[in-house]
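**Student:** So that we are looking at the same thing, I have put the structure below in structure tokens.
The values are calculated or read from the model by the stated rules, or taken from the named source; none is laboratory data. Computed from a predicted model, the values in this text were never measured in an experiment. So basically every Cβ, Gly included, is an ideal-geometry build from the backbone, and we count neighbours across all protein chains shown.
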Amino acid sequence: MKPKFSNRMLVAMAGLILGFSAASLMAPADHARSIARANRHTTERKVPDAEMPNTSLDDGTPRTLEDLEKHYRTKGAGPDLAGHLERLTPEEIRSLMEALWEVQRAGEVDPGVLPVAIQAAARELYRREGIGALEWGNTLAEQGKSEIFEKLVMAAVEDSPEQAKPWVDIFQSKYAFPFSNPFREVAFRAASTKGVDAVLEARRILGGGVGEQLVYGPLPDDFDFKRMLAEAPDSMGSHGAVGFESAVELWAGTDPDAAWQALMETGGDNRKVASRYLDSIFNGMSQTVGE
């Protein structure tokens, strides 16, 4: 049986897609028509006029697909996406994620938009249900919808790599491509905003792949680059198991002398390895003092 969608869930669905497609070459009207087509394919009933909510925009809140398109046209990107999701029940969020997945599979919308929209819904569902959301996602993966499970695991990894690790292992063992781990970068990005302790903990739990960056901006003001370089295991190994190019570039953008000195203090053969960060030093310096 095809799913039925409440009006507010359809508004949330359109809001996610429209809001996250600001950089797309597709016009807002095209996106609205895509959602309308998806709605016709996935719902079995029309909502009677008596059931429709007030569509007035007097308070600035879009309440229908048409209102949302008008809001997008007149005010640009950035409708209250979090607000749309917060108004949905957990069951509606689950249905929304499946609907977005169906739209993605049908190729109705720019393929770069849907994964981001599904991720936003996954964060909200995980925030409310925690492990329960992951258990539900795992059952979907067994039905061929592993992308939804992946987004839920990503939401868990952002929150706590340690609690998410068993679910990362489940996904990796059943659904991931060989030698691919989509969760490490997500974990490192989230950890970078919290500080060195979080970065080192994420690395300890999830490891690191060849060429992967360990640190991503923006960073807190008190981020201890020197400690990170000193304590991250195998951070400057001969095979470059984890890359610090982005970290060194960020550091050199604020304190190039300290970044250079820290690299020179690595000692022994590691000085040769440190030379691969020279471009990062120069790139970081150029952001603040010019080339």
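**Student:** What residue, of R227, R203, is at pLDDT 85 or above, basic (K, R) and buried (at least 21 other Cβ atoms within 10 Å of the Cβ)?
**Tutor:** Going through R227, R203 in turn, just one is at pLDDT 85 or above, basic (K, R) and buried (at least 21 other Cβ atoms within 10 Å of the Cβ): R203.
**Student:** Has region 193-200 got at least one residue that is of a type in the set (G, A, S) and within 20 Å of F149 (Cα to Cα)?
**Tutor:** No: region 193-200 contains no residue that is of a type in the set (G, A, S) and within 20 Å of F149 (Cα to Cα).
**Student:** Okay, next question. Is it fair to say R123 is touching an Asp or Glu at 6+ places or on another chain (Cβ under 9 Å) and either at positive phi or part of a helix (DSSP H, G or I) (or both)? Please lay out each step first, then the result.
**Tutor:** Numbers: touching an Asp or Glu at 6+ places or on another chain (Cβ under 9 Å): yes; either at positive phi or part of a helix (DSSP H, G or I) (or both): yes.
When the stated conditions are applied, R123 passes them.
**Student:** Looking at region 178-199 only, could you name the residues that are among the hydrophobic types (A, V, I, L, M, F, W, C) and either crowded, with 24+ Cβ neighbours inside 10 Å or part of a helix (DSSP H, G or I) (or both)?
**Tutor:** Passing the criteria: F183, V186, A187, F188, A190, A191, V196, A198, V199.
**Student:** Just to be sure before I move on: is V157 modelled with pLDDT of 95 or more, farther than 26 Å from H84 by Cα and either basic (K, R) or crowded, with 20+ Cβ neighbours inside 10 Å (or both) in the structure I sent?
**Tutor:** No.
**Student:** Something else about it: Give just the number: which of (1) without any contact (Cβ under 8 Å) to a residue 24 or more places away in the chain; (2) more than 23 Å from E147 (Cα to Cα) does P178 not satisfy?
**Tutor:** (2)
**Student:** Kindly evaluate L88 against the criterion of being touching a residue at least 12 places away in the same chain (Cβ under 8 Å) and assigned to a helix (DSSP H, G or I).
**Tutor:** Spelling it out, it is not the case that L88 is touching a residue at least 12 places away in the same chain (Cβ under 8 Å) and assigned to a helix (DSSP H, G or I).
**Student:** Next question, about the same structure. Take the residues of region 206-215 that are crowded, with 16+ Cβ neighbours inside 10 Å and among the hydrophobic types (A, V, I, L, M, F, W, C): which is nearest to L250 (Cα to Cα)?
**Tutor:** V215
Table: residues versus (1) of a type outside the set (D, E); (2) under 18 Å from the mean Cα position of the chain (by Cα); (3) more than 26 Å from L140 (Cα to Cα); (4) modelled with pLDDT of 90 or more.
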residue	(1), (2), (3), (4)
D169	no, no, no, yes
D197	no, no, yes, yes
E212	no, yes, yes, no
P218	yes, yes, yes, no
